[in-house]
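Enquirer: Input: one structure, supplied below.
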Amino acid sequence: MDTKQLKQKIVFTIFGMMSFVVVAILVIILGFIVFRGIGAISWEFLTTAPKDGMTKGGIFPAIVGTGCLVIGSMIFAFPVGILSGIYIHEYLPENWWKKFLRMMTNNLAGVPSIVFGLFGMALFVNYLKFGDSILAGSLTLGILALPVVIRLTEEALKAVPDGLRLGSYALGASKIQTIQKVVLPVAFPNILTGLILSIGRVSGETAPILFTVAAYFLPRLPESISDQVMALPYHLYVLATSGTNMEETRPMAYGTALVLVSIVLIINLSASLLRRKIQKKNKMN
Amino acid sequence: MTHAEVKNVNVWYDTIHALKDVSLKFEPNTVTALIGPSGCGKSTFLRLFNRMNDLIPSFRMDGTVMVNNQDVYSKEIRIDEIRKNVGMVFQKPNPFPKSIFENVAYGLRVNGINNKAVVEETVERSLRQSALWDEVKDVLKKSALELSGGQQQRLCIARALAVEPKLILMDEPASSLDPISTARIEELIFELKKTYTIILVTHNLQQAGRISDLTAFFYLGELIEYNLTKKLFLNPDNVQTQNYITGRFG
Amino acid sequence: MTKARRIYEKIVTGILFSSSTITSLTVILIVVFLFREGIGLFNTTPTEKNYVIAVSRQNTVPVITSNELADIFNQDITNWKQLGGRNDSIIRLTLNDLSGIFTEEELGPNLENFPQKLNEYVKTTPGVILYLSKEYIPKNFAGRIIPVKKISLLDFIFGKHWYPTSTPIPQFGIWPMIVGTLMVTFGAILFALPFGMATAIFMSEIAGNRLRTIMKPVVELLAGIPSVVYGFFGLVVLVPLIQRLFGLDVGETVLAGSIVLGIMALPTMVTVAEDALNSTPKSLREASLALGASELQTLFRVVIPYAKSGISTAVILGTGRAIGETMAVLMVTGNSTHVNYSFLQPTRTIPATIAAELGDTSFGGVHYNALFALAIVLFLFTIIINLSVEVIKNRNKEVNQRG
Ligand SMILES: Nc1ncnc2c1ncn2[C@@H]1O[C@H](COP(=O)(O)OP(=O)(O)OP(=O)(O)O)[C@@H](O)[C@H]1O
Ligand SMILES: [Mg+2]
């Protein structure tokens, strides 16, 4: 083997080892959370409220709270995001308005989540006087998810071959008929995958709900959208940093982390599976 | 002396049997045209000589391929050594996004030749051989992407010549060019034949007739007929060849 | 087309149009609200409402800045001469200091004599400075109320002290947070860049199909883990480890933040860089290999130069991810608002400061405004990042179009 070959072997081995480190990081983090958290998981943990200064009991209100927030934010983000995506991709010609919308969407996607939290507090909580509430929190999270939903819709529409549209027009269908009957059915599975991913993203966010809805300790379930709720990510933050009795809250924290990670990963995994299924189906066609 | 030779070669991609028991010999300083309908295995055959097929994971082969009396697929031989001795020109001009000069110098540099005088001399010689020198000698620093398609293709030929290969493979080198650029490439091939052995894939039968000495007709992975070009076009031995060149299929 | 149909189509188009407008509206609203609340910081004097600062009539210092005020009450400034006034040593007087100067009898049981006594005291004490609630200031006040300068943008950005709740005067210098943010981000990139690039290269150039199908979900999973979980992991594993490894008093350091953020920036970097590497045309790779180049040479001489702009985008987007990240850094960098230039000391980033303090502020107060001003700074960072991505993209488009 000459130096050229040897050099390649060495460099590629180093790259391989570094990627192995990345895999190891994931395995260590997940392994650690599972290993430490599994002991805390029980039926009681999942179905009761925390008690005794959050050293005992469970996380049921936080699970319900996160559920409410996810549903609330999606009620806002899905329709608005999908419709915007359709409008931007199918309707707008390449003009300054489209460029402007694109730029705004990209900018929104790059805004840090804490800024969304701040904005939500200023607009929904203080200005519109919703107070700390599911409504304010859901809208804030919804706005955070909006650019994600728009982008995934656009991507899905882009993947629909132009031939289908032209074929439909050639048969005398109008633009809206074409979109409804031809484009959307084809794009639907991809849109769905993206939506699932955005749910995963939203359910793990902490910073946007910090000042718009999240309650430090609230062992009952919400009754209306103007109630505060506990939420899993914030609950984990509280347990990890501000418990009165750190030693005894730790197991609760590990359990909460495990539940949170499991929820998010199950959501992501189902999106992955769905995508793989779609890809396989496309290949067969 | 035989320059390149293929003996009893079979190629598969997964389950596709792309070449079936093909044997062929190439003489030095000749142009051989490979013709045949799309998907018959011309590119696959061409890429045997510099082992470019190895890049495709599903590729499998048996049989022998010899270049300069060396077994190209033997374990002892180094793949970059083979590729250095076999030049290749692709269907679409594919210059690197570098300067004209660096494009031609690339093959030298990756093979460890960095001596300034040697590099400059080789670049000039290769550009002259590919009939591009007069057009670019003042703008060698310019990006190769700013050249026209025909110029880019001649640059790619110069790039291949710079490493002084014995054998040059061309896969439809003029199919993406306009008629005038095509004519220039054909002239160039005619010139290059004096120094090199050339194997050329083409869909253009007139082109094959104009510039090649020998022609091989492939069909469904089989070598149907290999003959002097004149003979093959005027009076082929095989009826399938006859059908193909008279346009009855393919 | 029937009339009903036409109307229906009009309506649908209208709905689509309004939806798309909401996005732009949101961005504009965010900007408006951030600035509306944040600008407030520069329009008010930072003293608490209903409180005044006063000096003796003999005092020649016309106005005072909040930094000077803070220094006076920290006893860093002890003589009016230091502020360009007369040579009088400064005597501070707040409600807490009363007992040292007046007896209880003098003041009366409910401080009813205080205004009068105060007047006498101010007349005889040229070096005095008062910080008192307005209600204690007599009508015929013998001293002079000295105006406090508004906070300037320079003080805000380059001020080294962040004491948002201290009395009599809070201080809003965000330099410590800017340094903290930049250091943590820089450290994160230092970690994520080599590992991210190596992984992207491994996935697109070296790994076979099977390994790639393992790596892809790994990267996706890393991207999916919520930031609190990273923070929690950092807090219980990384922080004690760093503390022990370097023999520190506290493990919550810039370093801990950098590592956690580096891990979090990895997926963005890997995905974008891998896309960029994959976008290099197959024909260029083949041309290089056909000339006898090794895969490594092809990688460094053809693939990476071709993917350059995509790779820079990857780095910039990774940086953006790191700069804006809140919860994880908040949990592992320790909450120190002192200026710190060491990787082994605690710090606090801009987003972490907002998250840590916003809950304690009152709506419309100076502190509240200051945190919004901080958010504007963060927002500007992200705008710069977005713009540079845009610029790179456009430039790349130009270059490729020429080809
Ligand atoms: N990368 C690949 N993977 C799987 N099958 C391939 C691959 N490349 C070629 N084949 C198959 O091998 C056969 C021969 O292909 P090849 O490209 O050699 O044909 P060709 O004669 O060059 O065609 P064309 O004139 O269209 O370039 C075809 O059936 C093709 O489908
Ligand atoms: Mg071919």
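Enquirer: For the range C:173-184, what are the residues that are open to solvent by 10 Å² or more (accessible area, probe 1.4 Å) and in contact with a helix residue (DSSP H, G or I) (Cβ under 8 Å, 6 or more places away or on another chain)?
Expert: C:Trp175, C:Ile178, C:Met183
Enquirer: If you don't mind, there's one more thing I want to ask. Could you check the range A:101-126 and list, in sequence order, the residues that are part of a helix (DSSP H, G or I), within 7 Å of another protein chain (Cβ to nearest Cβ) and over 16 Å from C:Ala373 (Cβ atoms)?
Expert: A:Leu101, A:Met104, A:Thr105, A:Asn106, A:Asn107, A:Leu108, A:Gly110, A:Ser113, A:Leu123, A:Asn126
Enquirer: On to the next question. Please indicate, with yes or no, whether at least one residue in the range C:28-41 is in a helix (DSSP H, G or I) and farther than 30 Å from A:Arg102 by Cα. Can you show your working first?
Expert: Quick first cut of the range C:28-41, residues in a helix (DSSP H, G or I) only: C:28-41.
Those still in the list that are farther than 30 Å from A:Arg102 by Cα too: C:40-41.
Yes, because at least one residue in the range C:28-41 is in a helix (DSSP H, G or I) and farther than 30 Å from A:Arg102 by Cα.
Enquirer: Further, regarding this structure: Here is a check on your reading of the model: is B:Pro95 within 11 Å of chain C (Cβ to nearest Cβ) and over 17 Å from B:Met52 (Cα atoms)?
Expert: Numbers: within 11 Å of chain C (Cβ to nearest Cβ): yes; over 17 Å from B:Met52 (Cα atoms): yes.
Against the criterion (within 11 Å of chain C (Cβ to nearest Cβ) and over 17 Å from B:Met52 (Cα atoms)), B:Pro95 qualifies.
Enquirer: For the range B:25-135, give me every one of the helices (runs of 4 or more DSSP H) that falls completely inside it and has 3 or more residues that are away from ligand 2 (no atom under 16 Å from the Cβ) and under 29 Å from B:Ser181 (Cα atoms).
Expert: Details: elements: B:42-46, B:79-85, B:100-110, B:116-129.
Ranges flagged: B:79-85, B:100-110, B:116-129.
Enquirer: Quick one: which residue in C:Ala370, C:Ala290, C:Ala265, C:Ala352 is hydrophobic (A, V, I, L, M, F, W, C) and away from chain A (no Cβ under 13 Å)?
Expert: On the way: C:Ala370 fails: away from chain A (no Cβ under 13 Å); C:Ala265 fails: away from chain A (no Cβ under 13 Å); C:Ala352 fails: away from chain A (no Cβ under 13 Å).
Sole residue among the options that is hydrophobic (A, V, I, L, M, F, W, C) and away from chain A (no Cβ under 13 Å): C:Ala290.
Enquirer: Name the single residue, out of those in the range B:163-172 being open to solvent by less than 70 Å² (accessible area, probe 1.4 Å) and on the phi < 0 side of the Ramachandran plot, that is farthest from ligand 2 (Cβ to nearest atom). Even if it seems obvious, please write down each step before you answer.
Expert: Step one: of the range B:163-172, the residues open to solvent by less than 70 Å² (accessible area, probe 1.4 Å) are B:163, B:165, B:167-172.
Now narrow it down to the ones that are on the phi < 0 side of the Ramachandran plot: B:163, B:165, B:167-171.
On the way: B:Val163: 23, B:Pro165: 20, B:Leu167: 18, B:Ile168: 16, B:Leu169: 12, B:Met170: 11, B:Asp171: 6 Å.
So the residue we want is B:Val163.
Enquirer: Across the range B:61-85, which residue is farthest from A:Asp2 (Cα to Cα) among those that are of a type in the set (A, V, I, L, M, F, W, C) and surrounded by 15 or more Cβ atoms within 10 Å (Cβ to Cβ)? Steps first, answer last, please.
Expert: Kept after step one, since they are of a type in the set (A, V, I, L, M, F, W, C), are these residues of the range B:61-85: B:61, B:65-67, B:72, B:77, B:79, B:82.
From what's left, surrounded by 15 or more Cβ atoms within 10 Å (Cβ to Cβ): B:61, B:65-67, B:72, B:79, B:82.
Numbers: B:Met61: 27, B:Val65: 24, B:Met66: 23, B:Val67: 22, B:Val72: 18, B:Ile79: 12, B:Ile82: 15 Å.
Among them, the one singled out is B:Met61.
Enquirer: Still on this structure, please answer the following. Restricting the range B:205-225 to residues that are out of contact with any helix residue (DSSP H, G or I) (no Cβ under 8 Å at 6 or more places or on another chain) and surrounded by fewer than 20 Cβ atoms within 10 Å (Cβ to Cβ), which is nearest to B:Leu19 (Cα to Cα)?
Expert: That would be B:Glu222.
Enquirer: Also, I was wondering about something else. Which condition number does C:Ala54 fail, the rest of (1) open to solvent by less than 10 Å² (accessible area, probe 1.4 Å); (2) in contact (Cβ under 8 Å) with a residue 40 or more places away in the chain; (3) out of contact with any Gly (no Cβ under 6 Å at 6 or more places or on another chain) being met?
Expert: (3)
Enquirer: Here's something else I'd like to know. For A:Leu195, indicate whether it is more than 10 Å from every other protein chain (Cβ to nearest Cβ) and open to solvent by 10 Å² or more (accessible area, probe 1.4 Å). Let's see the steps before the verdict.
Expert: On the way: more than 10 Å from every other protein chain (Cβ to nearest Cβ): yes; open to solvent by 10 Å² or more (accessible area, probe 1.4 Å): yes.
So A:Leu195 fits the description; yes.
Enquirer: Additional query: Go through the range B:37-68 residue by residue and tally those that are in contact (Cβ under 8 Å) with a residue 60 or more places away in the chain and more than 18 Å from B:Phe218 (Cβ to Cβ).
Expert: 4
Enquirer: For the range C:207-225, which positions are in contact (Cβ under 8 Å) with a residue 40 or more places away in the chain, at the interface with chain A (Cβ under 7 Å from one of its Cβ atoms) and open to solvent by 10 Å² or more (accessible area, probe 1.4 Å)? Quick ask: steps written out before the conclusion?
Expert: Within the range C:207-225, the subset in contact (Cβ under 8 Å) with a residue 40 or more places away in the chain is C:219-220, C:222-223.
Applying the additional criterion that residues be at the interface with chain A (Cβ under 7 Å from one of its Cβ atoms) yields C:220, C:222.
Hit for the range C:207-225 is C:Glu220, nothing else.
Enquirer: Let me ask something else about it. Going by the conditions given, is A:Ala253 within 14 Å of chain C (Cβ to nearest Cβ), in a helix (DSSP H, G or I), without any contact (Cβ under 8 Å) to a residue 60 or more places away in the chain and buried (at least 21 other Cβ atoms within 10 Å of the Cβ)? Reasoning before the result, please.
Expert: Numbers: within 14 Å of chain C (Cβ to nearest Cβ): yes; in a helix (DSSP H, G or I): yes; without any contact (Cβ under 8 Å) to a residue 60 or more places away in the chain: yes; buried (at least 21 other Cβ atoms within 10 Å of the Cβ): yes.
Yes, satisfied.
Enquirer: Would you check which residues across the range B:166-190 are under 17 Å from B:Gly87 (Cα atoms) and either outside any helix (DSSP H, G or I) or within 13 Å of ligand 1 (Cβ to nearest atom) (or both) and list them?
Expert: Scanning the range B:166-190 gives B:Lys166, B:Leu167, B:Ile168, B:Leu169, B:Met170, B:Asp171, B:Glu172, B:Pro173, B:Ala174.
Enquirer: Out of curiosity, is C:Asn396 more than 13 Å from A:Ala122 (Cα to Cα) and among the polar types (S, T, N, Q)?
Expert: yes
Rundown of residues vs (1) of a type in the set (Lys, Arg); (2) open to solvent by 20 Å² or more (accessible area, probe 1.4 Å); (3) within 22 Å of the chain's Cα centre (by Cα), yes/no style:
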residue: A:Thr105; (1), (2), (3): no, no, yes
residue: A:Leu108; (1), (2), (3): no, no, yes
residue: A:Ile114; (1), (2), (3): no, no, yes
residue: A:Val160; (1), (2), (3): no, no, no
residue: A:Gly163; (1), (2), (3): no, yes, no
residue: A:Ala173; (1), (2), (3): no, yes, no
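Enquirer: Another question, then. Have a look at B:Ala144, B:Ala117 and point out the one that is crowded, with 22+ Cβ neighbours inside 10 Å, of a type in the set (Gly, Ala, Ser) and free of Cβ contacts under 8 Å to residues at least 60 places away in the same chain.
Expert: Working: B:Ala117 fails: crowded, with 22+ Cβ neighbours inside 10 Å.
Answer to the selection: B:Ala144.
Enquirer: For the range B:173-204, which positions are crowded, with 20+ Cβ neighbours inside 10 Å and within 16 Å of ligand 2 (Cβ to nearest atom)?
Expert: Matches in the range B:173-204: B:Pro173, B:Ala174, B:Ile199, B:Leu200, B:Val201, B:Thr202.
Enquirer: From the list C:Asn369, C:Asn335, exactly one residue is within 19 Å of C:Ala188 (Cα to Cα) and either open to solvent by less than 10 Å² (accessible area, probe 1.4 Å) or over 11 Å from the mean Cα position of the chain (by Cα) (or both). Which is it?
Expert: Numbers: C:Asn369 fails: within 19 Å of C:Ala188 (Cα to Cα).
Exactly one residue qualifies, and that residue is C:Asn335.
Enquirer: Looking at (1) without any contact (Cβ under 8 Å) to a residue 60 or more places away in the chain; (2) more than 18 Å from C:Ile189 (Cα to Cα), find the lone condition where C:Phe379 falls short.
Expert: Status for C:Phe379: all satisfied but (1).
Enquirer: Continuing with this model, one more query. From the list A:Lys129, A:Lys98, exactly one residue is part of a helix (DSSP H, G or I) and free of Cβ contacts under 8 Å to residues at least 24 places away in the same chain. Which is it?
Expert: Working: A:Lys129 fails: part of a helix (DSSP H, G or I).
Just a single option satisfies the conditions, and that option is A:Lys98.
Enquirer: For B:Asn85, are the conditions met, namely being facing chain C (nearest Cβ under 9 Å) and over 28 Å from C:Lys397 (Cβ atoms)?
Expert: Here the answer is yes, as B:Asn85 does meet what is asked.
Enquirer: Only residues that are open to solvent by 70 Å² or more (accessible area, probe 1.4 Å) and assigned to a loop (DSSP other than H, G, I, E, B): list them for the range A:1-53, please.
Expert: A:Met1, A:Asp52
Enquirer: Exactly one of (1) within 24 Å of A:Ile267 (Cβ to Cβ); (2) open to solvent by 20 Å² or more (accessible area, probe 1.4 Å) is unmet by A:Lys99. Its number?
Expert: So the condition that A:Lys99 fails would be (1).
Enquirer: What about C:Ser258, is it over 30 Å from A:Lys9 (Cβ atoms) and open to solvent by less than 10 Å² (accessible area, probe 1.4 Å)?
Expert: On the way: over 30 Å from A:Lys9 (Cβ atoms): yes; open to solvent by less than 10 Å² (accessible area, probe 1.4 Å): yes.
For C:Ser258, the condition - over 30 Å from A:Lys9 (Cβ atoms) and open to solvent by less than 10 Å² (accessible area, probe 1.4 Å) - is met.
Matching residues to (1) within 16 Å of ligand 1 (Cβ to nearest atom); (2) farther than 27 Å from B:Arg210 by Cβ:
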position: B:Ala4; (1), (2): no, no
position: B:Trp12; (1), (2): yes, yes
position: B:Pro28; (1), (2): no, no
position: B:Cys40; (1), (2): yes, no
position: B:Leu48; (1), (2): yes, no
position: B:Leu55; (1), (2): yes, yes
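Enquirer: Please find, among B:Thr229, B:Thr241, the residue that is at pLDDT 90 or above and within 16 Å of ligand 1 (Cβ to nearest atom). Quick ask: steps written out before the conclusion?
Expert: On the way: B:Thr229 fails: within 16 Å of ligand 1 (Cβ to nearest atom).
Unique residue meeting the criteria: B:Thr241.
The values are calculated or read from the model by the stated rules, or taken from the named source; none is laboratory data. This one's a predicted model, so the numbers in the text were calculated from it and none came from an experiment. Note that we place each Cβ from the backbone using ideal geometry, even for glycine, and neighbour counts take in every protein chain shown. Surface accessibility is based on the protein's heavy atoms, side chains included, excluding ligands, DNA and RNA. Shrake-Rupley method; radii C 1.70, N 1.55, O 1.52, S 1.80 Å.
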